[in-house]
Amino acid sequence: MNVRHKDAYPYNNLWLIVSTQLPGDSLPQSRRVELPLADSYGKWLGSGLDDIFEHRIPIQQNAILPRAGTYRFSFEQNMRQNPLPDMLSVGLRVEKAAPRK
């Protein structure tokens with residue numbers, strides 16, 4: 001996951017509901033995921049420029065996409081406050097893995 005927020009973001013994490021719909025499935029599969037953004041002392045874990053911080057947080061390693069076709073991913077913030085102040089963006093990054101041996 002790619003997350004961007006301002007330094008004034010008031011929480012040390014972000015809870016998301018991540019839904020994945022596989023090709024041919026009518027209903028998505030959902031799971032709740034915690035994205036840690038700061039350490040126990042409140043120091044941001046991501047890289048920062050001025051008052052903007054960026055994080056790349058893996059939520060699943062070595063995932064296998066078993067079917068050819070279009071996969072649909074959606075995210076819903078699952079925090080107590082809505083909307084979240086000083087949260088700028090959340091996105092998904094998919095990288096091709098090395099060939100399996």
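Numbers for the structure displayed
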{"item": "Residue check for Gly69: closer than 15 Å to Lys6 by Cβ, modelled with pLDDT under 95 and not in a strand (DSSP E or B)", "result": "no"}
{"item": "Pairs where the first residue, in region 42-56, is farther than 19 Å from Leu92 by Cα and the second is not acidic (Asp, Glu), C-beta under 6 Å, 6+ apart", "result": "Trp44/Ala38; Trp44/Phe53; Asp51/Lys6"}
{"item": "Test: residue in region 52-60 that is more than 15 Å from the chain's Cα centre (by Cα) and not aromatic (Phe, Trp, Tyr)", "result": "yes"}
{"item": "Hits in region 1-57 - residues which are farther than 20 Å from Phe75 by Cα, in a loop (DSSP other than H, G, I, E, B) and polar (S, T, N, Q)", "result": "Ser40"}
{"item": "Region 68-83 residues that are closer than 17 Å to Pro36 by Cβ, paired with ones that are surrounded by 10 or more Cβ atoms within 10 Å (Cβ to Cβ) and small (Gly, Ala, Ser) (beta carbon under 9 Å, 6 or more apart)", "result": "Phe75/Ser19; Phe75/Gly91"}
{"item": "Breaking point among (1) in contact with a Phe, Trp or Tyr (Cβ under 9 Å, 6 or more places away or on another chain); (2) more than 23 Å from Glu95 (Cα to Cα); (3) surrounded by 14 or more Cβ atoms within 10 Å (Cβ to Cβ), for Tyr11", "result": "(1)"}
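The values are calculated or read from the model by the stated rules, or taken from the named source; none is laboratory data. Keep in mind it's a predicted model, so treat the numbers as computed, not measured. Neighbour counts are summed over all protein chains in view; Cβ atoms, including those assigned to glycine, are modelled from backbone coordinates with ideal geometry.
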